[in-house]
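The values are calculated or read from the model by the stated rules, or taken from the named source; none is laboratory data. No experiment lies behind these values; they were computed from the predicted model shown. Cβ placement follows ideal geometry from the backbone for every residue including glycine, while neighbour counts extend to all protein chains displayed. Ligands, DNA and RNA are excluded from the accessible area calculation, which covers all protein heavy atoms including side chains. Shrake-Rupley method; radii C 1.70, N 1.55, O 1.52, S 1.80 Å.
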Amino acid sequence: IESSTSAYQGWLAGETGGRRLRLDTFQGSLDVTFHRLARSDAEYAAAGLYARDVLEQDLRAAGLVTVHKLYIVYYDGSNARACGGSSWPPTLEGNVAAFYLRAQVGTAPPCLSTGFAPAGGPPRYTEFAVLHEVLHPVGIVGTCAPHHTRAGHVGDSPTDLMYAGDEPWRPSALDIGRDDYFQTGRADCPDLATSGILTGTVEYPVTVTKVGSGTVVSEPWRTIDCGARCSARFVRGSVVSLRATAGAFLGWTGGCNG
């Protein structure tokens, strides 16, 4: 998993000018956890396109998924409908992006037929498929994108990482034309460049001071969840939305005045 992750991180850096996914580590290595699920493979396979939803439900019940992070799950089981699945807010909320290691869709080659990229090697189908699923939980591709199609994808080229359509997928580029989901220059449509999921050279702290009862959370992820967690750091260019829930909301002060 670590060498596979390194392969798609290197590819992503080449497409973004050096930016990579902000991944959690433990003592310098990826923070990887193994968990044996209680359900059988047949039960998850029977869920079809909704297998990811069941996986997240079970992992959350086991205490392995919280609202503060996005999780990449390598599920060592089968699926006949898709190679992976993910959330896609606001239509489908969730924190798990899953890849099904023993999936095979119709007469297509098994989803893991190319294997994992070796250490130091370029990404293979597996890496592109995982990266594809990872981007959906930040709202990519939004319905506002000019080439949006099929619930969170683009339809302009099968070489685009986020393509879905009738042609065979041949991923080799991140947002062809830079008009759908990366560096689009639009503030009204989800943009990977301003999502906060990528590394950046400058980070800024955001601190919430709550007066009275209720909560203030940041969206689409609850990185800030105040009262319990009232501060977080975001990379330059990130778009942060704060949602207040209270018996009587009076308004914002400070940097969010109004």
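What the table below lists for this structure:
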quantity	calculated
Separation between Cα centres of region 79-105 and region 9-32, rounded to whole Å	21 Å
Relative contact order of the chain, defined on C-alpha pairs under 8 angstrom at six or more residues apart (%)	14 percent
Cβ-based net charge around Glu2, under 13 Å, with every Lys or Arg adding one and every Asp or Glu removing one	-3
Cβ-placed point charges (K, R +1; D, E -1), dipole of region 1-124 about Cα centre in debye, nearest 20	180 debye
Kirkwood hydrodynamic radius over Cα pairs of region 95-205, then Stokes diffusion coefficient at 37 °C and 0.692 mPa s, in µm²/s	216 µm²/s
Accessible area (Å², per residue) of region 1-118, counting only protein heavy atoms and a probe of 1.4 Å	54 Å²
Residue of Tyr125, Tyr75, Tyr204 that the Gaussian network model of the chain assigns the largest fluctuation, springs spanning Cα pairs under 10 Å	Tyr204
Whole-percent carbon and sulfur share, accessible surface of region 72-190, 1.4 Å	54 percent
Per residue convex hull volume, Cα atoms of region 155-195, in Å³	64 Å³
Dipole-positive endmost among Val67, Leu21, Cys83 within region 1-126 (Cβ charges, Cα centre)	Leu21
Debye, to nearest 20: dipole size of region 111-258, +1 on Lys, Arg Cβ, -1 on Asp, Glu Cβ	620 debye
Proximal charge balance of Tyr204 [Cβ under 9 Å; K/R count +1, D/E count -1]	+1
Calculated Rg and Dmax of the chain using C-alpha coordinates, Å	19.0, 59
Alpha-carbon spread of region 153-238, three principal axes, descending order, Å	55, 27, 20
Debye, to nearest 20: dipole size of the chain, +1 on Lys, Arg Cβ, -1 on Asp, Glu Cβ	580 debye
For region 132-182: rounded, prolate or oblate by the Cα gyration tensor [a/c cutoff 1.5]	rounded
Free-standing Cys, the chain [no other Cys Cβ under 4.7 Å]	Cys256
